[in-house]
Amino acid sequence: MTGSDIHEDGGSVLLRGGSVVARDGSAPRDLSALHGGSATQGRSPFERADVLVEHGRITAVGADLPVPGGVRTIDCAARVVMPGFVDAHSHAGSLVTEPQIQLALLRQGVTTIVSGQDGVSPAPGDGSYASGYFAAIDGPHPTYTGGGVEELLAHADGTSAVNVATLVPAGTVRHEVMGNDPRPASPDEIDAMRGLVRAELAAGAVGLATGLDYVPGLFADASEIGALCREVAAVDGLYVTHMRGGYEANARAGLDEIAVIIAASGVRAHVSHLHAPVDTARTALAELAAAGAPMTFDAYPYSRGCTILSMLVLPPDLAVPGTDDLARATSTDGGRAAVHAAVVARVTARADLGDSWASQITLSHVPGAGFHRYQGVTLADAATDHGTDPASLAIDLLVESGLQVTAIMRVPHPRTPDELAPLYRLPGHMAGSDGIFVGSHPHPRAYGTFAKYLGDFARAGLLTWADTIRHCSTNAVEAHRLGGRGVVAVGAVADLAVVDPATVAARSTYEDPMQLAVGIDDVVVAGHRVLADGALTGIRAGRGVRRH
């Protein structure tokens with residue numbers, strides 16, 4: 001991408017002839033109105049209004065605003081000006097300088113992503129842990145040299161059209177202090193981890209993330225995590241967790257552990273990709289809030305999940321990143337038979353997979369040359385083609401690919417939008433794609449999550465447009481303390497998406513997952529037009545968003 005001068009238009013533009021969405025039926029004119037000020041009521045969720053942006057901030061919202069000299073105009077007729085969306089759970093942090101990734105995000109209206117998810121990220125340390133374990137999810141960072149969160153955020157300044165916030169990854173922190181040792185941390189080791197967390201929060205991280213199904217995060221107990229979270233609570237950061245023990249029917253156990261961590265630390269907590277049954281989630285969250293442990297959560301509007309295959313099928317001691325443990329364990333006939341039995345026992349014990357497990361798993365990213373052709377194919381069909389059984393094939397492709405394989409999991413009983421919508425209407429919900437952009441057959445959520453919320457839920461009447469703005473933008477800004485974003489109001493940072501409510505839709509599918517969304521052709525970041533008529537302008541107005 002050839003970058004344009006970020007000061008080309010001074011961060012000033014007039015969005016003319018469009019509409020804004022009233023929040024809860026009201027039309028706020030400035031930030032104070034969003035926090036208790038009065039506003040007029042209207043029947044329609046849309047209200048005609050121009051939006052004037054000067055020097056990166058919204059300076060006026062109203063009908064037929066005059067155009068100051070030198071300010072460019074974007075024709076927004078028949079479209080709606082919305083606050084730029086915030087992807088509360090993104091795996092694009094290391095890839096966001098790539099034009100195709102920026103385009104995929106901006107065509108959904110996403111202007112800010114929150115990275116460092118699942119307890120894994122390059123910082124702190126030299127980046128080797130993340131590159132060895134999560135390369136199939138996060139991809140390699142193009143420039144990181146070991147400078148911690150400060151370096152990651154500085155790299156995001158002016159190198160992309162999209163803003164990047166980041167969390168401190170607790171798995172990486174533990175690895176820096178203890179490697180992959182499965183034992184409980186000693187007091188001295190906990191102190192060392194707390195020091196790393198404290199330093200990275202001071203550098204601008206918005207909170208702490210754990211991945212309690214991944215190595216070495218799964219070895220950390222609630223007392224260790226609670227100790228780290230005291231550092232987070234001290235600066236009003238957010239604790240974000242891929243909670244322990246799976247989701248769906250097992251969600252309550254993970255939620256109860258988070259409540260213990262909240263009680264030990266006083267931290268604000270957030271649950272990643274909470275795809276539990278609606279009644280389970282509603283009841284558990286209400287009970288925990290009443291007990292003084294309120295939580296927010298993110299979710300994506302798809303039934304299938306996606307993660308690294310090694311976490312799904314291997315015992316934890318063989319899923320250690322950056323080692324040849326699996327290859328050594330399967331180098332003899334007896335060793336291979338033992339690993340094979342362990343794989344079968346592990347996958348058939350999962351309630352979301354069961355006896356048909358191999359048919360439920362579609363291979364997403366397989367870098368090993370001998371198996372690359374199976375991307376987009378179920379493990380069952382790939383095994384048949386390869387003339388072997390699914391567990392044997394899983395072992396072989398993990399060995400050849402150095403564990404760097406991702407897989408999409410189909411659930412036995414996928415829920416419809418009507419069944420999912422009540423979960424997304426819960427007040428603590430925010431949109432998070434969990435989008436993985438690595439490989440040629442990713443989960444379609446990376447290219448479609450936010451457009452799907454707008455098209456399949458808001459336009460269909462399952463969510464109001466005002467609710468959609470809160471859940472796709474405002475809630476995440478408030479929870480992560482991302483500054484004056486997330487609203488179309490005077491004084492706000494001018495991160496804005498211009499949406500055609502009649503046509504916005506996700507086009508990515510499980511069969512064709514890299515199709516760009518439609519219905520969002522103009523996006524402004526910090527007052528600069530970074531997407532125009534559906535194409536990148538080359539203006540790199542994004543920045544690293546430090547904790548406010």
**Anisotropy class of segment 105-159 from Cα gyration tensor, a/c 1.5 cut** = oblate
**Item:** List 454, 318, ordered by accessible area with a 1.4 Å probe, largest first
**Value:** 318, 454
**Message:** Can you list the DSSP H helices in the chain whose Cα atoms extend at least 30 Å along the helix axis and whose mean Kyte-Doolittle hydropathy is 0.0 or higher?
**Reply:** none
**Complete:** Looks like segment 412-548, by Cα gyration tensor root eigenvalues a ≥ b ≥ c and the a/c under 1.5 rounded cutoff (else prolate when a/b is bigger than b/c, oblate otherwise), is oblate
**Asked** Rounded, prolate or oblate: which fits segment 309-463 when a ≥ b ≥ c are the square roots of the eigenvalues of the alpha-carbon gyration tensor, with rounded for a/c under 1.5 and prolate only if a/b beats b/c?
**Response** prolate
**Item:** Calculated Rg and Dmax of the Cα atoms in Å (choose from (1) 26.8, 120; (2) 23.0, 79; (3) 31.4, 116), label
**Value:** (2)
**Message:** Sort 438-450, 104-116 by packing, meaning the average of other beta carbons within 10 Å per residue, with the highest value first.
**Reply:** 104-116, 438-450
**Request:** Give the accessible area for residue 415 in Å² (nearest 10); use a 1.4 Å probe, count only protein heavy atoms, and leave out ligands, DNA and RNA.
**Result:** 60 Å²
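The values are calculated or read from the model by the stated rules, or taken from the named source; none is laboratory data. Please read all numbers here as calculations on a predicted model, not as lab measurements. Note: ideal-geometry Cβ built from the backbone for every residue, glycine included; neighbour counts use all protein chains shown. Calculation scope for accessible area: heavy atoms of the full protein, side chains included, ligands and nucleic acids excluded. Shrake-Rupley method; radii C 1.70, N 1.55, O 1.52, S 1.80 Å.
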